[in-house]
Amino acid sequence: MIWKLARGLAICTLLVSGCSSLGVTPWERDILSREDMLMDSDALDLAFDEHIYFSKEASSGGQGFAGGGCGCN
């Protein structure tokens, strides 16, 4: 009985401590704001992606929205 209680307490402690670190601390923001950490840091890759999107959808702009010009979401 005591082992079940101890095991349950240990599991609850691990679950609660898993949420103790939420967000980015101020001293980590400089690492995440580097240019090579951007999603579109490479201009050539960004140009290729935009060309492919334009060629497939026959439109320009709107890369951030879901769905397509063909009517299939």
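The values are calculated or read from the model by the stated rules, or taken from the named source; none is laboratory data. Keep in mind that this is a model prediction, so the values were computed, not measured. Cβ coordinates were reconstructed from backbone atoms using ideal geometry, including for glycine residues, and neighbour counts include every protein chain displayed.
Here are a few things to note about the model shown:
- The stretch 22-43, subset part of a loop (DSSP other than H, G, I, E, B) and among the β-branched types (V, I, T), residue nearest to the chain's Cα centre (by Cα): V24
- Close contacts from the stretch 20-32, counting a first residue that is without any contact (Cβ under 8 Å) to a residue 60 or more places away in the chain and a second that is not in a helix (DSSP H, G or I), with Cβ to Cβ under 8 Å and a gap of 6+ residues or different chains, come to L32/V24.
- Candidate set from the stretch 4-49 (those that are surrounded by 10 or more Cβ atoms within 10 Å (Cβ to Cβ) and among the polar types (S, T, N, Q)); member that is modelled with the lowest pLDDT: S41
- Selection status of G62, surrounded by 10 or more Cβ atoms within 10 Å (Cβ to Cβ), modelled with pLDDT under 80 and among the small types (G, A, S): yes
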